[in-house]
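Written out below as structure tokens is the structure these notes cover.
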Amino acid sequence: MIDFDSIYSEFQPKVHRYLTNLIGEDDALDVAQAVFLNISRSLENFREESSLSTWIYRIATNAAHDHAVSSLARQQGSEQLFDDAGSIDDLPDSGFPGTDQEYIRREMNACIRAVVGRLPENYRTVLLLSDFEELTNPEIAEILGISIDTVKIRLHRGRTALRKAMESQCSLYHDERNELMCDRKEKK
């Protein structure tokens, strides 16, 4: 029998990160708790017809989808899943070396997350599972209940849409260390 505590310690950080990228930081912890509650209740029925990680990500994906549907019903018309607003705490503290780089990295991460967050859900989900969670195409197909060919198509289309969105919303450049950096373009 599989031990819930070991599953939780191995998968909780991964599921939380996945959900944060999929539905946003504000709701990720609550949905992750619901996912692990579901896992604890269903663990004895796990038949090992798929890998444990595939089963867990499928539960997480379904929970995120259910959450998004119920949130949309409550918020009618609110389409943004990520909060782009910064705060005074996000500003670099010039008293510490390297904080400018750290601030730029956080801004770049926020910019990319915002762009990914605005992608259609079917593209966003496969991109997150593939590029952020490093799952294989067959695992993604099993999690989402779609064919491998559909996964490949969605990945290609999602990456194309992401690239176009990044080009239109971000100014990409290389810094003095030749690391890729990004600044948000001014909205017109």
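Would you kindly identify the helices (runs of 4 or more DSSP H) lying entirely within segment 80-188 that contain at least 1 residues that are modelled with pLDDT of 90 or more?
In segment 80-188, the matching helices (runs of 4 or more DSSP H) lie at 121-127, 137-144, 148-169.
Just to be sure before I move on: is I39 outside any helix (DSSP H, G or I) and over 22 Å from E121 (Cβ atoms) in the structure I sent? Outline the logic, then answer.
Details: outside any helix (DSSP H, G or I): no; over 22 Å from E121 (Cβ atoms): yes.
No; evaluated as a whole, the condition is false for this residue.
Of L52, L43, L22, all but one fail to be surrounded by 12 or more Cβ atoms within 10 Å (Cβ to Cβ), under 15 Å from the mean Cα position of the chain (by Cα) and modelled with pLDDT of 80 or more; the exception is L22. If you go through segment 22-49 and pick out every residue that is over 30 Å from I112 (Cβ atoms) and small (G, A, S), you end up with 2. Sub-6 Å Cβ pairs linking a first residue in segment 28-46 that is under 12 Å from F4 (Cα atoms) to a second residue that is in a helix (DSSP H, G or I) and of a type in the set (V, I, T), at least 6 apart or interchain, are N38/I59, ordered by first then second residue.
Mind counting the residues in segment 105-131 that are touching a Phe, Trp or Tyr at 6+ places or on another chain (Cβ under 7 Å) and under 21 Å from A60 (Cβ atoms)? Write out each step before concluding.
Kept after step one, since they are touching a Phe, Trp or Tyr at 6+ places or on another chain (Cβ under 7 Å), are these residues of segment 105-131: 113-114, 117, 128-129.
Okay, now just the ones that are also under 21 Å from A60 (Cβ atoms), so 113, 117, 128-129.
Adding up the residues that qualify gives 4.
Inspection of segment 63-79 identifies no residue that is surrounded by fewer than 17 Cβ atoms within 10 Å (Cβ to Cβ), modelled with pLDDT of 65 or more, more than 20 Å from the chain's Cα centre (by Cα) and not hydroxyl-bearing (S, T, Y).
Only one of the numbered conditions (1) of a type in the set (D, E, K, R); (2) surrounded by fewer than 11 Cβ atoms within 10 Å (Cβ to Cβ); (3) over 17 Å from the mean Cα position of the chain (by Cα) is violated by D183, and that is (2).
The values are calculated or read from the model by the stated rules, or taken from the named source; none is laboratory data. If you're wondering where the values come from, they're calculated on a predicted model, not measured in any experiment. Using ideal geometry, Cβ is built from the backbone for each residue, glycine included, and neighbour counts are taken over all protein chains shown.
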